[in-house]
Amino acid sequence: MSSRHLIDTARRLVADDKGLLAMDESNPTCDRRFARLGIPQTVEARRAYRELIVTTPGLSECISGAILYDETVHQKKKNGIGFIETLTDIGIIPGIKVDTGAKSLALHPGEKVSEGLDGLRERLAKYYEMGARFAKWRAVIAIGDGNPSRGCIEANAQALARYAALCQEAGMVPVVEPEVLMDGSHTLERCFEVTEEVLRIVFNQLYIQSVTLEGMILKPNMVLPGLSCPNQEATDEVADATVKCLLRAVPAAVPGITFLSGGQPAELASARLNAMNVRFKSRLPWALAFSFARAIQQPALQIWQGKEANVLAAQQALYHRARCNREARRGEYTVQMEKSERT
Ligand code: 13P
């Protein structure tokens, strides 16, 4: 597969102020979110929810690519048309999560390594044939007492790089996601330090594995204080720290950085992305975009509650969050956008 094709797809994923929609929750994660809202945890409920998402009017105005889960790529709308075909028809590039989850890392208490390399070449070939043009692999790095260890960072970075190389071989753009988790009482400075180290090691491994940087997307965390840190920095300080960290560690050849939301409140995730683009957009080598799951979906899921009668209202909420994040890419998101939605 030519790298021109990969570069073109990667650029399209961050073009026109759009971003990615992560709708690739594994069945256990999806079920957990459903259970909290009293939604039945069934194959049909998960299918109906994903149909609600992909049929949201206007979605492709704000979303360039959608990341699906293995169960979802095999599912169809009620009218018999598959989700991959539906997305492709409306101009949204279908993607697929291919790691098989974060498992305990041997001899490293409290740390995890994402698995899924075995058989990945064959799975990628199958997904490509089905119409997927990019993939995602998420590694999780927890900050804690003495953690992360070098062993954890290196194991995850190497797996990310091997995954990315396999994706490019298969003609699919790798979305490389090393997520430094928000859980804990660590400071923003500590998150900065860990994120910088992780990104440096990830890019070193990507280089060693000959990954074409122009044909990939980086999906990192924002640089944030831990959820239970008493000192929670203001939006502009988060924006400054995040961009400073990325400038140190992410090569200019990468076309786009699409943040995960990581459990931030949806409005705050938009405000922080907006602040980065307001303050730095014209001076950055890469696009700063989004690849949110919860920060786009959560309000819609709460409205839907598994009921057909709530589908339209839920779709409006989903579209609203997608639009807020498109505006945040432009540096034109305002709190008024949230108020006008509620009236
Ligand atoms: P959140 O935006 O909910 O963190 O999810 C993004 C994602 O895809 C995690 O892998």
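The values are calculated or read from the model by the stated rules, or taken from the named source; none is laboratory data. As the structure is a prediction and not an experimental result, all values here were calculated from the model. Positions of Cβ are generated from backbone atoms using ideal geometry, with glycine treated the same way; all protein chains shown enter the neighbour counts. Heavy atoms of the whole protein, side chains included, go into the accessibility calculation; ligands, DNA and RNA do not. Shrake-Rupley method; radii C 1.70, N 1.55, O 1.52, S 1.80 Å.
Between G116, G151, G171, G110, which is touching a residue at least 24 places away in the same chain (Cβ under 8 Å), more than 17 Å from L213 (Cβ to Cβ) and either of a type in the set (S, T, Y) or touching a Lys or Arg at 6+ places or on another chain (Cβ under 9 Å) (or both)? Can you show your working first?
On the way: G151 fails: either of a type in the set (S, T, Y) or touching a Lys or Arg at 6+ places or on another chain (Cβ under 9 Å) (or both); G171 fails: more than 17 Å from L213 (Cβ to Cβ); G110 fails: either of a type in the set (S, T, Y) or touching a Lys or Arg at 6+ places or on another chain (Cβ under 9 Å) (or both).
It is G116.
Can you pull out every residue in region 32-42 that is within 16 Å of the ligand (Cβ to nearest atom) and either small (G, A, S) or not in a loop (DSSP other than H, G, I, E, B) (or both)? It would help to see each step written out before you state the result.
If we filter region 32-42 for residues that are within 16 Å of the ligand (Cβ to nearest atom), which is where we start, we get 32-34, 36-37.
Correct list: R32, R33, F34, R36.
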Quick check on this structure: which one of K103, K97 is of a type in the set (D, E, K, R) and buried (at least 16 other Cβ atoms within 10 Å of the Cβ)? K97
Lone unmet requirement of (1) more than 22 Å from Y163 (Cα to Cα); (2) away from the ligand (no atom under 15 Å from the Cβ) for M222: (2)
Restricting region 302-334 to residues that are within 16 Å of the ligand (Cβ to nearest atom) and of a type in the set (A, V, I, L, M, F, W, C), the residue that is farthest from the chain's Cα centre (by Cα): A317
Tally the residues that are crowded, with 16+ Cβ neighbours inside 10 Å and either assigned to a loop (DSSP other than H, G, I, E, B) or at pLDDT below 95 (or both), restricting the search to region 264-276. 1
For region 1-26, which positions are within 18 Å of I67 (Cβ to Cβ) and open to solvent by 40 Å² or more (accessible area, probe 1.4 Å)? R11, R12, K18
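Is at least one residue of region 277-294 within 28 Å of R46 (Cβ to Cβ), part of a loop (DSSP other than H, G, I, E, B) and among the small types (G, A, S)?
As a first pass, look at region 277-294 and keep what is within 28 Å of R46 (Cβ to Cβ): 289-294.
Then keep just the ones that are part of a loop (DSSP other than H, G, I, E, B); that gives 293.
Keeping just the survivors that are among the small types (G, A, S) gives 293.
Yes, the conditions are met somewhere in region 277-294.
Could you please let me know if G256 is under 16 Å from I67 (Cβ atoms), within 13 Å of the ligand (Cβ to nearest atom), touching a helix residue (DSSP H, G or I) at 6+ places or on another chain (Cβ under 9 Å) and open to solvent by less than 30 Å² (accessible area, probe 1.4 Å)? Give the derivation first.
Details: under 16 Å from I67 (Cβ atoms): yes; within 13 Å of the ligand (Cβ to nearest atom): no; touching a helix residue (DSSP H, G or I) at 6+ places or on another chain (Cβ under 9 Å): yes; open to solvent by less than 30 Å² (accessible area, probe 1.4 Å): yes.
No, not satisfied.
Taking region 225-253, which residues are β-branched (V, I, T) and either over 15 Å from N277 (Cα atoms) or open to solvent by 10 Å² or more (accessible area, probe 1.4 Å) (or both)? Write out each step before concluding.
Kept after step one, since they are β-branched (V, I, T), are these residues of region 225-253: 235, 238, 242-243, 250.
Within region 225-253, T235, V250 meet the criteria.
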Quick one: how many residues across region 265-283 are touching a strand residue (DSSP E or B) at 6+ places or on another chain (Cβ under 9 Å) and of a type outside the set (K, R)? 7
Just give me the residues in region 92-107 being closer than 19 Å to W137 by Cα and away from the ligand (no atom under 16 Å from the Cβ), in sequence order. S104, L105
Return a yes/no flag: does region 297-318 have any residue that is in a helix (DSSP H, G or I), at pLDDT 95 or above and touching a Cys at 6+ places or on another chain (Cβ under 8 Å). no
Of D145, D118, D89, which residue is more than 15 Å from the ligand (Cβ to nearest atom), open to solvent by 20 Å² or more (accessible area, probe 1.4 Å) and modelled with pLDDT under 95? D145
Before we move on, is G184 open to solvent by 20 Å² or more (accessible area, probe 1.4 Å), out of contact with any Cys (no Cβ under 6 Å at 6 or more places or on another chain) and on the phi > 0 side of the Ramachandran plot? yes
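Tally up the residues in region 259-301 that are hydroxyl-bearing (S, T, Y) and more than 11 Å from the ligand (Cβ to nearest atom), please.
Going through region 259-301 one residue at a time, the tally reaches 2.
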Checked against (1) in a loop (DSSP other than H, G, I, E, B); (2) farther than 19 Å from V278 by Cβ; (3) more than 16 Å from the chain's Cα centre (by Cα), P220 satisfies every condition except (3)
Filter pass, P230 being within 17 Å of the chain's Cα centre (by Cα), more than 28 Å from K339 (Cα to Cα) and touching a residue at least 24 places away in the same chain (Cβ under 8 Å): no
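Out of all the residues in region 57-64, is one or more open to solvent by 40 Å² or more (accessible area, probe 1.4 Å) and either touching a Cys at 6+ places or on another chain (Cβ under 7 Å) or more than 28 Å from L224 (Cα to Cα) (or both)? Explain how you work it out, then say what you get.
So the first thing to find is which residues in region 57-64 are open to solvent by 40 Å² or more (accessible area, probe 1.4 Å), and the list is 57, 61.
Now restrict to residues that are either touching a Cys at 6+ places or on another chain (Cβ under 7 Å) or more than 28 Å from L224 (Cα to Cα) (or both): 57, 61.
Yes.
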